[in-house]
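So the structure is just underneath, and the comments pick up after that.
Each value in this text was obtained by applying a stated rule to the coordinates, not by laboratory testing. Note that this is a predicted model, so its numbers are computed, not measured. Here the Cβ positions follow ideal geometry from the backbone for every residue, glycine too, while neighbour counts run over all protein chains shown.
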Amino acid sequence: MKKRYALSLFLAGASLLSAGGGLDVYAIDVEGGKSTLFVSPSGQSMLVDTGYGGFRNRDADRIVAAAKAAGVKRIDYLVITHYHRDHAGGVSQLAAEIPIRNFVDHGKNFEQAKDNAAVYNAYVKIRNKGNHIEVKAGDRIPIEGIQVEVVTASGEAIAGSTCTSPRTTARRLRARRRWSGRFIPGLPSLNNGPATGGSAQAWQTIHDSPGFPDLWQLHYATANDSAHNAPEKFIANYGEPCQGNWIRLSVHEDGAFTVLNGRNHYQKTYEASIKSSSSPR
């Protein structure tokens, strides 16, 4: 069986270091790639992947816009899961717009498919200007206020892990016990592009799964009918051309969390229990 040479993470929760502080997670629209910004209770930031390069700095601009909304002036840890252009292609453009202190990855590029070599070489040039942290399975990324453990790296996984494919679980998020089963349902970004991901079958499977009170989408899935899309208020980018709106999840000290739509500022708070409340803000 061919190994997938990538890096996947496990967030074990925030220690809530700052008074009244919590963990903020921004799902950033990079049109089919991946990019997620984490802002820890300590104020340090971790960005996982950068989306594409090109497109007139589209993805870098959107990441910086999310960082600005979060009050982040630099990326403390940039984690690159693998060297495909939809995950690492935007590094050069991003580094020109915002300082990046630490570059975290699994090291050597093992893949020869697609345009990996060109993307990897461009990434390394930028990485050499900062501090490079090469991680292996079981290592932790030292961002203050969040426990971040590397589940897989370069095809190797920690003992007992089933997270061996970045296609199925590029990032696994689990908060403390009282958040368990409530943290992920609040922020399933089902499709990062209008026609990418979020198939009707996948949407229905998640919709019918127990413990998923709502579905939030970065995009309206144009290939689906309205019955297989979330209600408009839960969709960050509803029409075309796409405006690149983000979705933010904020975890509170009492175990509750709030999800905010960056397009219409609709937000909904999910309590530690089943109850929830919402407001247009």
Over 20 Å (Cα to Cα) among Lys108/Lys136; Lys108/Lys129; Lys68/Lys136; Lys73/Lys108 -> Lys68/Lys136; Lys73/Lys108
Mind checking the full-extension length gain between Asp254 and Gln147? Use 0.36 nm per residue of separation minus the Cα-Cα distance, one decimal, nm.
36.7 nm
Per-residue counts of other Cβ atoms within 10 Å, averaged by peptide: what ranking do you get for 229-239, 35-45, highest first?
35-45, 229-239
Highest mean first, how do 97-104, 75-82 rank when packing is the count of other Cβ atoms within 10 Å averaged over residues?
75-82, 97-104
Distance in nm between pseudo-label sites at Ser92 and Phe110 (7 Å out along the Cβ direction from Cα)
2.7 nm
Would you kindly state how much longer the chain becomes between Asn264 and Ile158 on full extension, computed as 0.36 nm times their sequence separation minus their alpha carbon distance, in nm to one decimal?
34.1 nm
Calculate the spin-label point distance for Glu240 paired with Lys125, positioning each point 7 Å from the Cα along the beta-carbon direction, and give it in nanometres.
3.3 nm
Where does each of 132-145, 244-257 land if you order them by average Cβ count within 10 Å, highest first?
244-257, 132-145
